[in-house]
């Protein structure tokens with residue numbers, strides 16, 4: 001390995017951590033990835049709970065829609081018209097600006113290969129595993145992780161899973177850093193050395209701890225510090241104050257901090273990031289309960305755009321996907337139950353944008369999946385696959401056999417401009 | 001491989017304590033477990049009717065605000081009163097959590113506390129507003145805790161028909177499409193089924209997702225559950241007028257058909273509890289939680305057998321776990337169950353023997369700072385998983401950089417904040433890890449620059465975090 005491309009990731013895995021102050025080490029200075037490799041960025045957002053695709057992307061008003069959904073998905077005709085009479089949920093107004101700027105696509109009536117049982121947990125596992133069927137519980141790795149292993153120069157790519165919810169997406173052999181912007185600590189370099197000593201026979205724990213040291217050193221006031229004894233005792237109160245800062249309420253809400261942290265990493269050496277947003281399981285009073293989760297999604301996308309800056313945003317593709325859509329008909333409590341087909345959202349300056357993708361199956365009862373759910377007409381993995389292929393140049397074969405085994409990539413939707 | 005005094009405390013309890021001796025035999029563990037619930041008496045939480053009363057009061061304050069003229073002084077006054085009461089309720093919820101933590105710190109019967117935590121997670125039903133965050137305490141204390149050594153069917157009935165679960169999984173708004181209520185509402189407000197509770201009872205609470213059921217069973221069970229409902233501050237009740245008329249068939253057996261009632265709901269839940277898939281699922285889940293991510297097949301089979309032989313007697317199933325040699329498999333380097341954050345924090349407090357008076361004196365803001373926020377950063381906000389499936393069990397999930405970073409942050413700060421004087425790390429390594437403390441940890445504790453880092457080194461060591 002060449003010295004000039006010695007980044008933090010290789011530093012961590014080289015086991016040189018013990019015995020030096022991370023913050024001061026010349027080895028952790030990020031080296032520009034741009035000089036040698038691709039510049040594109042990919043962000044994956046998992047929308048947990050099963051986002052109602054028919055409420056996010058509202059089909060043209062019709063007698064049938066009114067009958068199926070008396071309190072939901074009714075669009076005023078002029079409101080944020082996308083195409084073919086489809087409109088956006090009014091809670092997503094900021095996304096309409098992205099649409100107009102050619103930085104948003106929506107895929108209609110898509111799903112993972114998951115069918116019939118409509119379990120969130122299996123649905124999410126399958127979405128993150130990227131496979132056609134589920135392996136044993138907790139055994140499978142994630143598709144984003146397998147993508148890293150097949151990226152040209154992938155060993156040099158830094159990828160982040162962000163938030164207190166490490167995802168299957170990032171699980172696997174390729175090294176992915178996970179971090180929450182709320183975690184911070186101060187530890188003396190002596191303490192760091194001793195802690196590594198206690199973990200000598202537990203490589204898995206030692207590796208995560210080494211990452212924690214490196215990541216905390218990025219945070220203001222945190223990390224491993226070189227001090228002598230007298231200083232530690234003298235500054236004890238100050239150190240305690242640093243440890244105890246509960247950042248839960250500072251600097252914006254949690255989802256914004258996550259998006260900000262992602263943007264900060266992507267502006268530097270990271271090329272891939274993933275995180276999740278929850279709250280989409282709207283079984284009751286959906287007109288009210290879906291509002292906040294959709295606002296958080298809009299906020300996250302807009303935060304990414306503003307904090308990445310025009311240049312990096314122009315090289316970024318964001319995929320927002322959910323485990324399944326919801327029942328076409330409203331249930332007895334003005335909400336919707338677990339369904340099948342739904343919507344997928346693509347955002348980013350790298351996109352051609354402004355398009356409704358996929359094929360609309362119709363809402364007549366005989367057109368529905370099991371006479372209750374929107375019929376999926378395409379596979380979400382295919383769009384993720386093309387976004388990866390166009391962003392990072394992975395081969396069709398790698399995508400069809402390794403990243404999404406058994407999936408057929410099919411014709412290109414030509415996502416990137 | 002048989003009973004081990006260290007593992008009895010770590011794997012089947014809340015770890016070692018400088019003040020409370022660990023059990024010496026399986027018989028002793030079982031005798032305590034089958035005996036009276038001493039910890040619940042010593043560190044008491046009010047009876048369930050007190051919870052309903054307080055929630056009704058709080059709700060009445062809220063209603064009073066709503067009834068007052070918008071923008072009026074009167075409304076403002078009423079709102080101030082409501083907010084004051086809400087804040088007090090929030091403080092009480094945090095106090096109840098501290099009470100539960102104290103049980104874990106001081107009990108001799110620590111296995112009972114672990115079982116309560118396990119079943120509370122199995123029947124996860126976090127509240128979404130102040131009323132149900134309050135009632136969530138009662139759900140665990142009164143619907144789950146008394147049954148952890150009883151029959152699974154009684155636990156299942158108590159846990160899933162409790163108003164906490166009914167509201168969390170939307171049963172309170174599920175109405176039979178052909179019920180009298182639905183007919184009356186026709187053209188006014190929509191009324192119909194909500195399948196949420198029915199699905200999770202099958203998928204998460206009884207048979208498990210690999211169990212032998214279909215979407216049709218979900219639908220039929222949802223119809224059977226109609227009528228079961230509740231309201232804010234009220235216990236569960238059965239309203240005949242909301243129940244779907246006619247019989248329902250779940251897993252090939254017919255229920256109801258005559259006058260709808262709770263009996264049919266209890267009958268189907270008893271049958272689900274006695275289903276062989278349920279026995280297998282519960283056996284696997286227990287073995288995985290207490291012993292290993294990949295439990296010994298013979299251990300699972302043994303638990304499942306005992307479950308089926310005793311119609312799901314959970315004390316018997318727990319005894320089968322403690323009697324099986326695989327449950328006492330010694331730890332190997334770099335392997336073993338990795339404590340989840342709640343267990344990590346609880347066992348650290350027990351090892352420190354944080355004085356009762358100190359825990360009782362903690363104010364809400366401090367409890368947030370010392371326990372609630374840190375647990376969230378570690379990935380396990382107190383009894384608030386993302387969904388009804390509870391928290392992840394796989395060790396790899398918890399071994400993230402961010403998770404370990406948050407544990408380190410807490411281990412450096414919290415012990416010093418709760419103890420007047422931190423223990424000497426050279427003693428603490430003995431207290432927390434016992435006679436088997438690894439040489440590397442003993443050395444690190446001795447060589448630490450100060451007590452704060454020394455204590456953190458012990459708490460962060462694999463010997464403390466793996467069980």
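Please treat every number below as a calculation from the coordinates, not as lab data. As the structure is a computational prediction, the values presented were derived from the model and not from experiment. Quick reminder, even Gly has a Cβ in these numbers, built from the backbone with ideal geometry, and neighbours come from all protein chains shown.
Key figures for this structure:
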{"read-out": "Label-to-label distance, nm, for residues given as residue B:353 and residue A:352 (7 Å Cα→Cβ offset)", "value": "7.3 nm"}
{"read-out": "FRET efficiency, 1/(1 + (r/R0)^6) with R0 60 Å, evaluated for residue A:71 and residue B:2 via beta carbons", "value": "0.45"}
{"read-out": "Contour excess over end-to-end distance, with Cα ends at residue B:19 and residue B:128 and 0.36 nm allotted per residue", "value": "35.4 nm"}
{"read-out": "Shape call, the range B:341-465: gyration tensor on alpha carbons, a/c limit 1.5", "value": "oblate"}
{"read-out": "Antiparallel bridge percentage (DSSP; both residues within the protein assembly as shown; nearest 5)", "value": "45 percent"}
{"read-out": "Anisotropy class of the range A:258-298 from Cα gyration tensor, a/c 1.5 cut", "value": "prolate"}
{"read-out": "Burial ordering of A:106, B:367, fewest other beta-carbon atoms within 10 Å first", "value": "B:367, A:106"}
{"read-out": "Potential extension, residue B:216-residue B:180 segment - 0.36 nm per residue separation minus Cα distance", "value": "10.6 nm"}
{"read-out": "Cα-based shape type of chain B, given that a ≥ b ≥ c are square roots of the gyration tensor eigenvalues and the cut on a/c is 1.5", "value": "oblate"}
{"read-out": "Exposure proxy ranking, count of Cβ atoms within 10 Å, fewest first, for B:157, A:345", "value": "B:157, A:345"}
{"read-out": "Simple label model, 7 Å out from Cα along Cβ direction - residue A:285 to residue B:443, nm", "value": "6.1 nm"}
{"read-out": "Helical contribution to [θ] at 222 nm, DSSP H n ≥ 4, -39,500 (n - 2.57), averaged over chain B, rounded to 500", "value": "-17000 deg cm²/dmol"}
{"read-out": "Using a Förster distance of 56 Å, the FRET efficiency for residue A:311-residue B:72 (Cβ separation, nearest 0.05)", "value": "0.55"}
{"read-out": "Rounded to 10°, Cα long-axis angle of helix B:110-122 versus longest principal axis of chain B", "value": "40 degrees"}
{"read-out": "Spatial extent of the range B:167-274: Rg and Dmax, with the Cα atoms as the point set, Å", "value": "13.4, 42"}
{"read-out": "Mean shadow area of the range B:5-150, taken as a quarter of the surface of its Cα convex hull (nm²)", "value": "10.0 nm²"}
{"read-out": "In nm, spacing of pseudo-spin labels at residue A:134 and residue B:47 (7 Å Cα→C-beta vector)", "value": "4.3 nm"}
{"read-out": "Fewest-first ranking of B:253, B:446, using other Cβ atoms within 10 Å as the exposure measure", "value": "B:253, B:446"}
{"read-out": "Kirkwood hydrodynamic radius over Cα pairs of the range A:281-417, then Stokes diffusion coefficient at 20 °C and 1.002 mPa s, in µm²/s", "value": "127 µm²/s"}
{"read-out": "Mean shadow area of the protein assembly as shown, taken as a quarter of the surface of its Cα convex hull (nm²)", "value": "36.4 nm²"}
